[in-house]
Structures are given as structure tokens and as C-alpha cells.
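The values are calculated or read from the model by the stated rules, or taken from the named source; none is laboratory data. Just so we're clear, the structure is a prediction, and the values are computed from it rather than from any experiment. Note that we place each Cβ from the backbone using ideal geometry, even for glycine, and neighbour counts take in every protein chain shown. What goes into the accessible areas is simple: the full protein's heavy atoms, side chains included, and nothing from ligands, DNA or RNA. Shrake-Rupley method; radii C 1.70, N 1.55, O 1.52, S 1.80 Å.
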Amino acid sequence: MTESLPGGQALGGAGGHSRDTVKQAVLQRATKFTLSAIPRISDRTKRLLLGGRSVVVDGNTLDTTLQFTLAAEHAAGVGGLVADHSSQSGVAVSRAALRATAAMMDPRIRADVTEISIPGPAGPLRARRYVPDGTGSPDTSALLLYFHGGGFVIGDLDTHDSLCRLICRDGGIQVISVDYRLAPEHKAPAAIDDAYAAYRWALDHAAGLGATRIVVGGDSAGGNLAAVVAQQARDSELPLPALQLLLYPVTDMSSETRSKTLFSDGYFLSKRDMDWFSGHYLDGAEVSADDPVVSPLLSEDLSGLPPALVVTAGFDPLRDEGNRYARAMQDAGVVVDLREERSMIHAFANFFPLGGGSATATSAMISALRAHLSHAES
């Protein structure tokens, strides 16, 4: 039996689109409508539509805009970071879905953008350089080498283009976003090998880029890569980054935490997503989940690392391991600025175009980044 869509199109059946293709198209339309409407709805209206209910966990109250976004996406049948957990088409579908969602939230931020190529251990790596357009008070002597999130499986230069533009414009600094190799095509430690190669390239080309200070940074899986790059730079006796910018980083892929249990479902990044990511990244890999090259928290020595700005989210499954990494570095004598955005969910920095707490928290992160770079220069 087939179900009919408006206009007589059949869902499934001969001559029509596949059921999965039609489902994804419907979900994308629903997502686009939801994301375009949210910034125009007042907080008061959102609270009324939510029935006046708040979500409180561990004494933290979920941001109203994010609560509304999660509720609207759930009602539309959209859930989680991974669009399709199937073993065959799921990777391609999920990558395309994340790109499409990011395009729906494009705030069109100005920057001077150049596509570049960086030599990698297995071939050239695509990268994108952002330079402030001259407005404001840019400090292009600082360069942020940025690694995107996406569980080492999804995400690319386009999914994080808006965030990189925002950091470039409001931070007044150069940003180079690196398109490292993804799993399952490339298992661990391919991603970190690429990230480390990109850091060495940045060191070698800093003068030509007009940069005197290099920051390594990233979100989620990208935060993991930035943390590991900092450790490897120390171990290789390379010049250290001026700062680590770690946004809700993955720091321990081998352990369960209370936050992974509390926020296992319903807060964008789910346990099912995390298991899917780790399976693609680690199953059949040369390294195991407890190797510091994928779990930097488990390094035997965290001393001698560069200063770190660590930002975690109160409603994020990765909250506890991010906080633990920050405190472990502090215990080892590293200068760490830990900021827990208690009302936020995982990936809130990508949700800044929706307004609300995500925009405020992302702006605060960029202000903190500027402050740390100003302090380092003085």
C-alpha cells in the first residue's frame, strides 16, 4: 500500500522517488520553515507556545529559544544531529542533511574569503581562509586554525562557514578552516594526522600570512583535534599555539559520564548519534578508544600545554568530559578559562543565527577569545 502526497505523488511504489528520498525532502522543508520562523518569534510567544513549561536539569534551565527549536523539530519529525543511522546510505544522507541545515541558517556575514590548499599526509587538504574585511579594529596578526565538528564523520567547510565568518568578523582575526579526512572512509587517526599537518603548515607559513600568533580551535570532534594537536606540538617540541579554543570538545571516547546519561536523547546530540560516530571512526581503526590520540583526557601528562579557553554546555552529553579536561589541565599547571554555558545544548555556536541564548553565548565566547589574545600580546 502506498501513501499519497499532495499532487498525487506516491510515497514509495514504482515510478516515484524512494521512500527515504521523499522523507528527507519533507523533513528538509519542515526544518527550513522552522528555522526561518524561530528568529522572528518573541520569547514571550515561544513560552506561550511551550505551555509555560521550562526544562530544568541539574539546576540549569534550558534556553527558551533552544527548547522551542527542539520541540518544533521533534514535532516535525526531525531529530538529532545524524539524519540517517542506516549502515548503507546513512553517511551520505547525514552529510547532505547537515549541509542543507547550515545553508538554511546562513546570516550572510561579510569577510574576505579565499579557498586554499594545504599539503596533507595523504594528499592536499581543502581549506578556507577568512580575513576581516577591514571594518572594526581587526588584528590579523592572530590566526585561528579551526577544525569543524561532526563526530569525525559529517561536517565540512560549508557547515561551519557561518561560524568561521562570525569569529573572523567579531573577533577581528584571521581564520583558516581545515577540511580534514572523515570516517568511515578514513579511520582514526587520519583526522588527527591531517590536523597536525595543517598546524605544521600554519607554523611554516605564518609570516607569509602576516600572523605572529596561532590559535588551534574547534568544536566537538574539532575540539578534540585541537586538543590533540596541542599535545602533539608539545611532545614534538614545536612552537606551541598561543591558545587552545575548545568548544564542547570530545575528550574521552572510552568512558561513560553522568551527562551522557542525562542527555542521551532529546538534546540534539544523542547517544545513538555518538555510538554511530564512534563506530565509524574507531571500528577497524589502528587505535582504540582509550588511546590519547582520540581521547586527550587520558594522556598521562597534561603539563606544558598552551593556555586554553574551554566552553561547555549545560545540556550537552559531552559536558562532563569537557569540564574534566579543563580541570585536569588546570591541575597540571595549565592556564585554563573554563566557561560552562549552563542553558545551552551541544553545537549551540552553530545555532547563533536563531538568536536567543545561542547568539549571546557565542558572542561571549568570541569576546573571551579576543580578551585572551589581547592579554597574550601585552
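Count, please, the residues in the range 267-287 that happen to be more than 17 Å from the chain's Cα centre (by Cα) and within 19 Å of Arg181 (Cβ to Cβ).
Qualifying residue count for the region: 8.
Only one of Leu309, Leu297 is within 19 Å of the chain's Cα centre (by Cα), buried (at least 21 other Cβ atoms within 10 Å of the Cβ) and assigned to a helix (DSSP H, G or I). Can you tell me which?
Leu297
When both residues are 6+ apart or on different chains and their Cβ atoms are under 8 Å apart, which pairs have a first residue that lies in the range 243-263 and is farther than 20 Å from Asp219 by Cβ, and a second that is of a type in the set (Val, Ile, Thr) and surrounded by fewer than 24 Cβ atoms within 10 Å (Cβ to Cβ)?
Close Cβ pairs satisfying both conditions: Leu262/Val57.
Step by step: first the residues of the range 112-171, then only those that are among the charged types (D, E, K, R) and either in a loop (DSSP other than H, G, I, E, B) or free of Cβ contacts under 8 Å to residues at least 40 places away in the same chain (or both), then the one that is most open to solvent (accessible area, probe 1.4 Å). Which residue is that?
My answer is Glu115.
Mind listing whichever residues of the range 60-111 are over 21 Å from Asp161 (Cα atoms), part of a loop (DSSP other than H, G, I, E, B) and either open to solvent by 30 Å² or more (accessible area, probe 1.4 Å) or aliphatic (A, V, I, L, M) (or both)?
Leu62, Ala76, Gly77, Val78, Gly79, His85, Ser86, Ser87, Gln88, Ser89
Among the listed residues Asp170, Asp106, Asp112, which satisfies the condition of being in contact with a Phe, Trp or Tyr (Cβ under 9 Å, 6 or more places away or on another chain), charged (D, E, K, R) and more than 30 Å from Glu237 (Cβ to Cβ)?
Result of the check over Asp170, Asp106, Asp112: Asp112.
Could you check the range 163-182 and list, in sequence order, the residues that are more than 10 Å from the chain's Cα centre (by Cα) and either acidic (Asp, Glu) or within 26 Å of Trp276 (Cα to Cα) (or both)?
Across the range 163-182, the qualifying residues are Asp170, Ser177, Val178, Asp179, Tyr180, Arg181, Leu182.
So which residues in the range 228-241 are aliphatic (A, V, I, L, M) and open to solvent by less than 30 Å² (accessible area, probe 1.4 Å), if there are any at all?
Those that are aliphatic (A, V, I, L, M) and open to solvent by less than 30 Å² (accessible area, probe 1.4 Å): Val228, Val229, Ala230, Ala233.
Among the residues of the range 244-275, write down those that are part of a helix (DSSP H, G or I) and open to solvent by less than 30 Å² (accessible area, probe 1.4 Å).
Ser259, Lys260, Asp273
From the list Thr159, Thr140, which one is over 18 Å from Ala190 (Cα atoms) and at pLDDT below 95?
The unique qualifying residue is Thr140.
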